[in-house]
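Notes follow once the structure below has been shown.
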Amino acid sequence: MLDLDRLPAPDILAALPIFPLPNVVFLPNMVLPLNVFEPRYLDLIDHVLDGGMHLGVPLLRPDPTLLDPSDLALPVHDPGDERPAIEAVLGIGRLIAHQRLPDGRRFVRLEGLGRVRVQEELATAEGGFRRVAVEALPEQQPGDTHALEVLKAQVERMAETFDEDDRQMILTVLEIEDPRVTIYAIASLVPSVEIMRAARRRRSLGGAMPHLRLQQRCLSAEDADIRVELLSERAQSLIDVLGESGSFPVSSLN
């Protein structure tokens with residue numbers, strides 16, 4: 001947990017309802033909007049509203065044939081039945097907004113509190129949604145402050161390739177006071193830069209959505225220094241690609 005005073009009660013961690021998604025890694029301090037319409041997940045939201053407001057959002061594990069060795073090494077939870085496998089380390093959040101729509105859907109927002117690791121899966125709830133027993137994972141400050149400063153400099157470098165509005169949006173992550181949150185914000189940002197650049201060039205990133213795999217590796221990492229190393233390596237590769245493509249303004253090359 002980012003803040004221990006926001007650690008969910010033991011009974012919540014012992015039977016945490018989950019909302020698995022194929023295309024989201026729920027990072028700490030992230031605000032995640034969800035448009036809920038399936039009956040089992042409508043029941044899940046009612047359960048969350050009645051029972052502590054906490055919800056886990058794991059990433060569904062892709063087909064193993066699409067993953068590289070570093071991804072296959074990540075811990076995975078496989079219930080061993082018809083329920084799909086999920087990444088064993090996931091984000092836990094608290095419901096901060098809930099709206100009932102006229103057509104029966106719910107629009108909710110979750111605030112990411114931290115990370116948890118699945119210990120076991122419980123029987124499916126009466127409403128049809130999944131529940132898991134989890135343990136909360138610590139969020140320690142980074143030890144290598146120089147490596148973090150290098151990563152922040154790389155983010156500034158990437159920001160040079162965007163227009164003023166996008167540049168300022170990117171640079172705001174460097175103003176976050178808590179280094180742990182800064183690192184997770186960069187974990188969200190660096191893949192987004194890749195996606196934006198690929199979209200502008202009408203290129204496919206291919207594979208099992210590599211931006212999600214990077215974020216999941218960051219989420220599963222044992223400490224903040226490992227996250228910084230992962231992100232710095234990816235950021236430098238992206239900077240090299242941007243340089244080769246002539247994306248940097250001429251003034252920044254002088």
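The values are calculated or read from the model by the stated rules, or taken from the named source; none is laboratory data. Remember, predicted model here, so these are calculated numbers, not experimental data. When we count neighbours, we look across all protein chains shown, and the Cβ atoms used for this are built from the backbone with ideal geometry, even at glycine.
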Practice task
Have a look at ALA97, ALA88, ALA73, ALA125 and point out the one that is at pLDDT below 95, outside the structural domain of ARG213 (by TED's automatic domain parsing) and in contact with a Leu (Cβ under 9 Å, 6 or more places away or on another chain).
Solution key: ALA125
Practice task
Check off (1) at pLDDT below 95; (2) part of a strand (DSSP E or B) for VAL118 and give me the number that stays unchecked.
Solution key: (1)
Problem - Pick from region 240-254, criterion under 18 Å from VAL155 (Cβ atoms) and polar (S, T, N, Q), ranking: modelled with the lowest pLDDT - result: SER252
Fill in the blank from the handout: The lone condition ARG6 fails out of (1) surrounded by fewer than 19 Cβ atoms within 10 Å (Cβ to Cβ); (2) under 16 Å from VAL132 (Cα atoms); (3) touching a residue at least 60 places away in the same chain (Cβ under 8 Å) is (2)
Fill in the blank from the handout: Counting only residues that are loosely packed, with under 12 Cβ neighbours inside 10 Å and free of Cβ contacts under 8 Å to residues at least 60 places away in the same chain, region 47-66 contains a total of 3
Problem - Some residue of region 123-138 being assigned to a loop (DSSP other than H, G, I, E, B), surrounded by 14 or more Cβ atoms within 10 Å (Cβ to Cβ) and under 16 Å from the mean Cα position of the chain (by Cα) - result: yes
Handout entry: Subset tally (residues that are part of a loop (DSSP other than H, G, I, E, B) and surrounded by 11 or more Cβ atoms within 10 Å (Cβ to Cβ)) for region 67-89
Key = 10
Exercise for the section: Could you please let me know if LEU44 is touching a residue at least 24 places away in the same chain (Cβ under 8 Å), over 19 Å from the mean Cα position of the chain (by Cα), buried (at least 18 other Cβ atoms within 10 Å of the Cβ) and under 20 Å from GLN99 (Cβ atoms)? Expected result: yes
Fill in the blank from the handout: Among the residues of region 94-103, the number that are of a type outside the set (A, V, I, L, M) and within 18 Å of ASP50 (Cα to Cα) is 4
